[in-house]
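Below is one structure, written out as structure tokens; comments come after it.
Throughout, read-outs are computed from the coordinates displayed, never taken from laboratory work. What you see is a predicted model; the values in this text were computed from it and never measured. Neighbour counts are summed over all protein chains in view; Cβ atoms, including those assigned to glycine, are modelled from backbone coordinates with ideal geometry.
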Amino acid sequence: MMQRIDALKIAVLATAIATLSGCATKNYVRNQTAPIIDHTNELSDKTAANNRAIHDTDERAQAGITKAQGAADSATQNAQGAQKAAGDAQNAANDAVHRADSLASVVAGLDNYQAIGNVSVTFGFDKSKLTDDDKAQLDTFAATLANAKSYIVEVTGGTDSTGDADYNYALSQRRADAVVQYLASKYAIPAHRFYLIGIGKDKEVADNKTREGRAKNRRVDIRLLSNQGAPSTANAATPATGGGL
């Protein structure tokens, strides 16, 4: 009987020890893992916050890119519109001004026309912009228009012999255009009064072998022609050779 009681006590004691040991182990594990779980949760929250921030930043950047692209597209369209308008205006001006290989081919009864004024303006190398001196000479020439009747203005652009022939034709045309645009805009000369041509280097007025000669060939010759005879009060402008290199 005593032995059974002792055995029972031992069993109860063993069970109590096991129970206490199990509780201690669980508490230990809980105490060790709780900070790790908390840290993991904190990292998850930060990761989520970072992802939201990145998403917001990406949306703002995309919106900025879209806005900038829209502005660029709008600017391109405006530039294309302005270029087209300028091209249309130039085409209209080109259509209004007579361009011919020879004046005689487009003017009936040219033999009845007499020169009542003329002037020449020259340009720097590869230039087609009028200088102040050029404009002053054209102003003097334009004074003869006040008393002119039934007149036409012959404008012939030229270059020196330097460079490609096709390029020189285009350059001489630009020089002639510069003269026409100046006279037409400042003195309201109708476009149909002008007959112009760019002859490039085909017709030299001086020796292209010298610097001075090439400077004289970079020119535009302007003649005022009338089939009503020379007005008594008209003073013909004399040729000038300003500009050049």
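Things to note:
- Evaluated over the range 99-226, the count of Lys pairs having alpha-carbon atoms less than 30 Å apart is 26 (only pairs 8 or more residues apart or interchain).
- Per-residue packing, averaged as other Cβ atoms within 10 Å, sorts the ranges 119-125, 153-159 into the order 153-159, 119-125, beginning with the highest.
- Residues LEU145, LEU171, sorted so that the one with the fewest Cβ neighbours within 10 Å comes first: LEU145, LEU171
- Approximate spin-label separation ASP164-PHE125, in nm, with each point projected 7 Å along Cα-to-Cβ: 1.9 nm
- Point-to-point label distance, GLN228-ASN51, nm (Cα→Cβ direction, 7 Å offset): 9.1 nm
- Listed values for the range 154-165 are Karplus-derived 3J(HN,Hα) couplings in whole Hz (6.51 cos²θ - 1.76 cosθ + 1.60, θ = phi - 60°), namely 8, 10, 10, x, x, 9, 7, 8, 6, x, 5, 5, and x replaces Gly and Pro.
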